[in-house]
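Enquirer: Got a structure here, written out as structure tokens. Questions coming.
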Amino acid sequence: MVNNNKKNPSRIITFYSYKGGVGRSMAMANIGVLMGGWGYKVLLIDWDLEAPGMENYFCSHLNVENVQQKKGLIDLLHLKAQCDEILVEEIPWSEYINHVDLGKDVAVDLLTAGKRDDQYFNKVRQFDYTGFYNESDGGQYLENLREHWLSHYDFILIDSRTGLTDSSGICSIHMPDILVLLFTPNEQSFNGIKEVARKAVEGQRQIIYDRFRLRVLPIPSRIENAETQLLDEWMGKIYRESADMLEWLPKKESNVEEFSITPDQVIGQLKIPYKTFYAYGERLSVIERGTLDPHDLGYVYENIAAVLVNDLQNIHLLTDARDLLIKKAKGEEVIDYSDLERKFAEEQDAKLRLQEQLRAKETLIEQKSAQSRKKKSTFIWIAILLGLLIAGIFYVVGSINNNSGKQHPETSDSSPVNDTEKDKAADFATAYSTSNQQAELGFNLSMAQSYYQLDAAYQDTFLNIKEKIGFAVAYRFQELADSFYLLARQNPPGLRALLADSLAQFGAWENIPSGKIAARLAGFAKNAAITNLPVDSTFELELDPKGFKVTYTINGNSLLDNDRRYKRVKTTDVLLFDHTLKLREYNYQVIDSVGVKLAAAKTMVELLICNTVSKLDYNKFNSIAGLLRADKNLSVSSRANFRGSTDPGSPYYFSSPAIKYSDPALLSQAMQVQATIKKASGYTVPIRLQRSTAKSYISAYLCSDQLSDIRQQIIPNKGKKY
């Protein structure tokens, strides 16, 4: 059975524990079996090289002795270290992959830790991860393996080594899309996975490969129900301190600081109980006892598997309608009304709270107004009495002024704020509290403008509404602000859509029209390579009378790096948008930086791969970058789906595949690039000199369907079994 209703992309999921004995391998094996039974293609990888044995869970479904004599993960790693030119597509995968016989059409494969011969543990102990990365371009090799696995399987589950090791770092940072952290309720285990989660999220932001943000799923295991007081204390601690790891949980639309499903609701459904029966041997509870008993392991494993298959989406169903979550995981079409019901209940609750706050504010205003009128009335009567007394005195002495004693101050009942301002405030509060669009960006932009049109006294009164507007705008706004940096790096002309016609400040380019700013950035993008990635570590948004003030702390500011002033830079960036979401001012302040010194002396090599190459040729072309990076004098990057310039004077103009170098002194390095391309792909690409403003720059345009007139050489070592 193959699941044809699969909607989510393939994922790599790492199962990690800081300490051993938490049931990590058993959980992964059972979850893999469930995924395979639901029609997904699953690859299980035993990356616990120092304590291998994942195959033992499947002793009834494969020949363990035969499997242990087949090559595995450590052999794949040594293959790259021994043969730097190996291509992932040329690996004889049948020598490494083992099919687990779980029934007809159940596609579960196993990649063991390695061939269990006399040399196995020597291979593991002697494997040099530093040399693997620095000398053999191991990072790119792992990335190629990752892409290969993702293209052949729906889910790749990795059983990681415990503790803080080189291999566990690969499993927790380089490889996963989702990191499942299993732990027992003790300080060492729980604090360990919290620290690993923090380092993994930060570490994956800094790797050079494209990744969606890493999501972490903490799962307590070996939970016993005997000591209820200790159980309650520890589960309360776990619920409280897991919130940072579960930042991906959906938020309430009425208050984006609150989870719509809380950590205790999620973890409470995923915690793995301790069962003595499973303490002996390696067992597959989902096969032996099924998944129907809520008190057994199979039931919880099914919960975890469904959450992972749904890509951590629809997680509210875990508590609202578990059966629907399982059906979604199996690829069945279901209609989910629970989310709408929950959102409606949240909106109604928010409206009631806001109406109560508004009534309380209005009552307070009336009380203050009444007190003011009372004080003013008392003052007027005192003034009248004093006036009469003074008039009597003047009358007695014969100097009385009859008219002056009869004029009385006029009593006023007017409130401190006039009726027009009060009506505007009431309209504002009513419009916000009765709207069903409180989560929509356009509505909140309009309400932000209305807020600053209120009298200052009412602005203070409605600070709570201002905060909610700010949260709602920030929730939808970060993507817009992020696109500013993306466009600045990849498509500077597109920036004009975000920029106001004239900007008060734009970094060092003050009072320059937006069109010229975009043009200057485009010039930098053509002539300077970008060597770091922009990753925001903080994001804050404040409402401003003129619009919205966004403050970032950025690692790798693209505007600074485009002119190659810095190899690494950290800045505080302030972006001011008007109410139409146009950027009207931009300022930055450098916090920390490392200037480009040695990096600036390297020759830049850019591989430009056209968008019509075959998948086989693409992988060959892409592997060239790894081969070239072995030369420490080259800084190599590659660009897929490249479309050249139509301007013959541009360094990006190519009428056919070619290698261009910008200075005669670079000829030997251009020939080196040519030789490397031929060695990896079999194509001989011609070399041309094209002088340009970009110093120390070599570009290679690769497009296999335009190389038909070039004789294709035999690929070295083609067909060789490694």
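Enquirer: Would you check if there is a residue in the range 320-335 being under 26 Å from residue 241 (Cβ atoms), in the same structural domain as residue 236 (by TED's automatic domain parsing) and surrounded by fewer than 20 Cβ atoms within 10 Å (Cβ to Cβ)?
Expert: yes
Enquirer: Hey, can you tell me all the residues within the range 549-608 that are in a strand (DSSP E or B), at pLDDT 55 or above and closer than 28 Å to residue 640 by Cα?
Expert: Within the range 549-608, 554, 555, 568, 569, 603, 604, 605, 606, 607, 608 meet the criteria.
Enquirer: Additional query: I'm trying to understand the selection: among the residues of the range 109-130, which are over 30 Å from the mean Cα position of the chain (by Cα) and surrounded by fewer than 15 Cβ atoms within 10 Å (Cβ to Cβ)?
Expert: Matches in the range 109-130: 117, 118, 119, 122, 125, 126, 128.
Enquirer: Cβ-Cβ under 9 Å, sequence separation 6+ or interchain: first residue in the range 174-193 and within 20 Å of residue 224 (Cα to Cα) and in the same structural domain as residue 133 (by TED's automatic domain parsing), partner crowded, with 20+ Cβ neighbours inside 10 Å and among the acidic types (Asp, Glu). Which pairs?
Expert: From residues that are within 20 Å of residue 224 (Cα to Cα) and in the same structural domain as residue 133 (by TED's automatic domain parsing), there are no pairs.
Enquirer: Here's a follow-up. If you check 226, 243, which single one turns out to be surrounded by fewer than 13 Cβ atoms within 10 Å (Cβ to Cβ) and outside any helix (DSSP H, G or I)?
Expert: Every option except 226 fails the conditions.
Enquirer: Does residue 141 satisfy the condition of being within 23 Å of residue 77 (Cα to Cα), outside any helix (DSSP H, G or I) and of a type in the set (Phe, Trp, Tyr)?
Expert: no
Enquirer: Which condition does residue 56 not pass, out of (1) in contact with a Phe, Trp or Tyr (Cβ under 7 Å, 6 or more places away or on another chain); (2) not in a loop (DSSP other than H, G, I, E, B), if it passes all the others?
Expert: Among (1) in contact with a Phe, Trp or Tyr (Cβ under 7 Å, 6 or more places away or on another chain); (2) not in a loop (DSSP other than H, G, I, E, B), the lone unmet condition for residue 56 is (1).
Enquirer: Another question, then. Only one of 270, 340 is modelled with pLDDT of 85 or more and either buried (at least 18 other Cβ atoms within 10 Å of the Cβ) or not basic (Lys, Arg) (or both). Can you tell me which?
Expert: 270
Enquirer: Just checking, how many residues over the range 626-650 are in a helix (DSSP H, G or I) and at pLDDT 80 or above?
Expert: Of the residues in that region, 2 qualify.
Enquirer: Hey, among the residues in the range 499-537 that are under 27 Å from residue 209 (Cα atoms) and at pLDDT 65 or above, which one's surrounded by the fewest Cβ atoms within 10 Å (Cβ to Cβ)?
Expert: It comes out as 523.
Enquirer: Suppose we keep only residues that are β-branched (Val, Ile, Thr) and over 30 Å from the mean Cα position of the chain (by Cα) within the range 78-108. Which one would you say is nearest to residue 148 (Cα to Cα)?
Expert: Result: 91.
Enquirer: Give the residues of the range 627-642 that are surrounded by fewer than 17 Cβ atoms within 10 Å (Cβ to Cβ) and more than 30 Å from the chain's Cα centre (by Cα), sorted by residue number.
Expert: 630, 631, 632, 633
Enquirer: Any residue at all in the range 248-266 that's surrounded by 15 or more Cβ atoms within 10 Å (Cβ to Cβ), modelled with pLDDT of 85 or more and farther than 30 Å from residue 465 by Cβ?
Expert: Yes, the conditions are met somewhere in the range 248-266.
Enquirer: Being β-branched (Val, Ile, Thr) and either surrounded by fewer than 24 Cβ atoms within 10 Å (Cβ to Cβ) or at pLDDT below 95 (or both) is the filter here, so list the residues in the range 14-65 that pass it.
Expert: Passing the criteria: 22, 64.
Enquirer: May I ask you to verify whether residue 234 is buried (at least 17 other Cβ atoms within 10 Å of the Cβ) and either of a type outside the set (Ser, Thr, Tyr) or touching a Lys or Arg at 6+ places or on another chain (Cβ under 7 Å) (or both)?
Expert: yes
Enquirer: Check whether at least one residue in the range 84-101 is over 30 Å from residue 681 (Cβ atoms) and in a loop (DSSP other than H, G, I, E, B), and report yes or no.
Expert: Taking every residue of the range 84-101 in turn, at least one turns out to be over 30 Å from residue 681 (Cβ atoms) and in a loop (DSSP other than H, G, I, E, B).
Enquirer: From (1) over 30 Å from residue 333 (Cβ atoms); (2) of a type in the set (Gly, Ala, Ser); (3) out of contact with any strand residue (DSSP E or B) (no Cβ under 9 Å at 6 or more places or on another chain), pick out the condition that doesn't hold for residue 39.
Expert: Failing condition for residue 39: (1).
Enquirer: Since residue 267 meets every condition but one in (1) in contact with a Ser or Thr (Cβ under 8 Å, 6 or more places away or on another chain); (2) of a type in the set (A, V, I, L, M, F, W, C); (3) in a loop (DSSP other than H, G, I, E, B), which condition does it not meet?
Expert: In the conditions (1) in contact with a Ser or Thr (Cβ under 8 Å, 6 or more places away or on another chain); (2) of a type in the set (A, V, I, L, M, F, W, C); (3) in a loop (DSSP other than H, G, I, E, B), residue 267 misses (3) alone.
Enquirer: Got a sec? Which of 653, 618 is among the hydroxyl-bearing types (Ser, Thr, Tyr), modelled with pLDDT under 75 and in contact with a Ser or Thr (Cβ under 9 Å, 6 or more places away or on another chain)?
Expert: Exactly one residue qualifies, and that residue is 618.
The values are calculated or read from the model by the stated rules, or taken from the named source; none is laboratory data. Every value quoted in this text rests on a predicted model; they were computed, and no experiment measured them. Neighbour counts run over all protein chains shown; Cβ positions are idealised from the backbone, glycine included.
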